[in-house]
Amino acid sequence: MISRTWSRMSIAFFVAIAVLSVYSMVALATSGQKAATGELSASGQVTVNGQAAISGATVFSGAVITTAANSSATVSLGKAGRVELMPNSSIKLSFSDSTISASLDAGRLRVSTLAGVSAIVTTKDGAAVADASDAASFMVDVECGNTIVASQGGKVELRTADKATPIAAGSQDTAGQAAPGTRCTRLTRAATFGHLHGGALAALLLAAGGAVAAAIIATTHNNDINLGGSVIVISPSK
């Protein structure tokens, strides 16, 4: 009877050891999995989470990346793709092996993905979304206060609260309203020639045209020019 009891206790003990071993192996395997990281390439003044960063620095998911004036940064994400920041830009970047997610607070960025990787860039006006079915490349610009999304390839959409607009390669779309005084509104103003108003500019062009016409007539008529009345100017060659 005692031997049977000891036998059962031994079996239970070895079963417990086996179970603990399995759990330990799973835990070690989980802890051994590396989190997705990116590599930074910086030009000029670039910060990551508020700290100055240089090329070669490791970027972890959830990092806030900022570029100063005349500065840029590229985060290479291996097989997932890459994210490029233009001058005066700021984003919060999250990523995994199959997703790229960025929140663009200022400036411009370009996202490039491989097939099998989805991407989304959110702004205050909406979101630019790239489908994972194809490789994609697109730019998002919030410099003017609104959101401009331009696609270079792939299945890209601009999604707002009330609609989703597909953006074909080589085209762009906007959401929101450009802030007054920004480059976007300045580009729509009528061009001016210095401080001349339209009438003065037209008169100047008319006078220039008349001078050119007179020179042509002089050449065509062997430099004999009749200015009207009885005054005749004779070419010295005669």
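Quick notes
- Positions within segment 130-147 being open to solvent by 30 Å² or more (accessible area, probe 1.4 Å) and of a type outside the set (S, T, Y), in sequence order: D131, A132, D134, A135, M139, E143
- Residue in segment 63-71 that is closer than 24 Å to G154 by Cβ, open to solvent by less than 40 Å² (accessible area, probe 1.4 Å), in a strand (DSSP E or B) and not β-branched (V, I, T) present: no
- When we screen S55, S43, S61 for residues that are closer than 24 Å to E143 by Cα, small (G, A, S) and modelled with pLDDT of 95 or more, the only hit is S43.
- In the set (1) at pLDDT below 95; (2) over 20 Å from the mean Cα position of the chain (by Cα), the condition left unmet by C184 is number (2).
The values are calculated or read from the model by the stated rules, or taken from the named source; none is laboratory data. In this text, all values refer to a predicted model and were calculated from it rather than measured experimentally. A quick note on method: Cβ atoms are made from the backbone with ideal geometry, for glycine too, and the neighbour counts reach across all protein chains shown. SASA here: full protein model, heavy atoms, side chains in, ligands and nucleic acids out. Shrake-Rupley method; radii C 1.70, N 1.55, O 1.52, S 1.80 Å.
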